[in-house]
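What follows draws every value from the coordinates through simple rules; no lab data is involved. Keep in mind the model is a prediction, meaning the values are calculated, not measured. When we count neighbours, we look across all protein chains shown, and the Cβ atoms used for this are built from the backbone with ideal geometry, even at glycine.
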Amino acid sequence: GDVCEDRISNFPDHIRRHILSFLPIKAAVGTSIISTKWRYFFASISTIKFDGYLMSGLTERNLDSFKNFVDRLLKFPDQVSLDCFWLNDIISWNDEDHNFDVSDWICAALCRGVKEIDLDLENLGDILPALLFTCHSLVTLKLVAVGSEIKVPSDVCLGNLKTLQLSNSQFVGDSIHRLISNCHVLEDLAFINCDFEYLREEVNIQSPSLKRLVLVFDVIEFENIDYVVVINAPNLVYFQYTDTVVKGYTLTNMKSLEKAHINIWESDSIDCETSATHLIQGIRNVRSLSLTTDKAIFLTSRLPIFHNLIEFKYDSHAFDGIETWLVEFLHCAPNLETLTLNFPDVAGTRRKALPIEVPSCLSFHLKEIEISCFETHIIEMVSYFLDNAMVLENLIIRMKGMTVTRKTKVINQLLQLLKSSKKCLIVIL
């Protein structure tokens, strides 16, 4: 034991610091009793994470010493730059009982050249210091601010910010546009269940540096869908979008797009098909598309040709004529290689005969088909695929929760189907 302890104690400071950064804060502080060499060393750690567990054990008596401890930790005179300051708890940090000066803590972290700030707090809007929005050391900023309004000052400038994730926050006026346009190297942007109620004429994201964009709106609460989503991000590689179909989409310059996850729901109050067409037109360069819908929102007669699409995953609640829709979609993806389908059965769905003209991707490119939630009612569709997919290598069938007798029956049905591709394996999971 002694030898090990000595060996670690003799490591250079930056390595000891790195080791400490993996420990929970309590354990890191605990190292101060090892020897004089370790006594104040914990104060130079570069990752400071506080969460609710820390608070649960604190008595009134410990409270002041805890405050002093944090102050000393954050204002450590050695000025080791801080990699990460992480504060996560819904209740304790900012209520009447404790009343920590969280704003002061954030400022102290910013003064130590912090690279990442991750805050998950109620009433966050009231305590964010203006300094947060002009900090040049920040590379990553993640804010979860349930019920808080985030006020972005007019002189916002985050020159090195690459990742910005905002959840459950509210924004007023043009604060979002101001924020994005003053982050000149921003690569990764996420808005998750944020409330743009005040600027809901248009959600406007223009960024030449952006590579990843996630827009997730709370589908349950769509009162106002009378707005337009405008995106101009010529270097975007990944796009994830969840919402009800809104009034309009202007997606320009998505030439670099490789992967898109579109999770979209019908709304009765607008011309769904026209809007949805503009959305899908905007992402037509995509190589891998995952699409989840509740109806055939995208009219196949108005789909673009997806020349680059090689992977398509489709999740849907089965609707009338889903097979026809799917085959028509495949006509728009001439180079598709992998198809993944997942549609749970909906009672009373009428099956339509599949169209005769075979999509060219089935004849020349489709190598793998995977079907989850397999039920007997789609055996005809499987038969159609096996019949027409000339270069198919794998048909993967997932049968969740079927009884053994039912499974055996389905397997026998599957094995009797004719295959056009001699090298096709049927894999049953």
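With label points built 7 Å along Cα→Cβ from the Cα atoms of Asn308 and Val139, find their separation and express it in nm.
2.7 nm
Tell me, what HN-Hα J-couplings in whole Hz come from the Karplus equation 6.51 cos²θ - 1.76 cosθ + 1.60 at θ = phi - 60° for each residue of region 274-291, using x for Gly and Pro?
5, 4, 4, 5, 5, 5, 6, 4, x, 10, 5, 7, 4, 9, 9, 10, 10, 10
Which entries in Lys162/Lys247; Lys247/Lys400; Lys162/Lys295; Lys259/Lys409; Lys367/Lys407 show an alpha-carbon gap greater than 27 Å?
Beyond 27 Å: Lys162/Lys247; Lys247/Lys400; Lys162/Lys295; Lys259/Lys409.
If R₀ is 51 angstrom, what is the calculated FRET efficiency for the pair Asn412 and Asp155, using the beta carbon separation as r and rounding to 0.05?
0.10
Subtract the Cα-Cα distance of His317 and Glu375 from 0.36 nm times their separation in residues, and report this length gain in nm to one decimal.
Full extension of this stretch gives 19.6 nm more.
Name the residue farthest towards the positive end of the dipole of region 305-428 from the options Ile397, Trp325, Val410, assuming +1 on Cβ of Lys and Arg, -1 on Cβ of Asp and Glu, about the Cα centre.
Val410
Amide H neighbours of Asn235 under 5 Å, counting only residues 5+ apart in sequence or on other chains, H built in-plane at 1.01 Å?
Long-range HN contacts for Asn235: Leu210.
Starting at the first residue of region 108-120, write each ³J(HN,Hα) from the Karplus equation 6.51 cos²θ - 1.76 cosθ + 1.60 with θ = phi - 60°, in whole Hz, x for Gly and Pro.
Per-residue couplings from phi come out as 4, 5, 5, 5, 8, x, 5, 8, 10, 10, 10, 10, 10 Hz.
Test of the criteria: in region 167-276, which trypsin sites (Lys or Arg not before Pro) are in a DSSP loop and have at most 12 other Cβ atoms within 10 angstrom of their Cβ?
Lys255
Please work out the FRET efficiency for the pair Val404 and Lys295, using the Cβ-Cβ distance as r and a Förster radius of 45 Å; give the result to the nearest 0.05.
0.80
Apply the Karplus curve 6.51 cos²θ - 1.76 cosθ + 1.60, θ = phi - 60°, to the phi angles in region 184-193 and return the couplings in whole Hz, x for Gly and Pro.
These are the phi-based 3J(HN,Hα) values: 7, 10, 4, 10, 10, 10, 9, 10, 10, 6 Hz.
Whole angstrom only: what separates the Cα centroid of region 282-300 from the Cα centroid of region 353-429?
After rounding, the separation between the Cα centres reads 22 Å.
Taking every Cα atom in region 305-428, find the radius of gyration and the maximum pairwise distance Dmax, and write them in Å.
Looking at region 305-428, its Cα Rg and Dmax stand at 13.9, 43 Å.
Using Cα-Cα distances under 8 Å and only pairs 6 or more residues apart, what relative contact order does region 261-309 have, in percent?
Here the relative contact order equals 51 percent.
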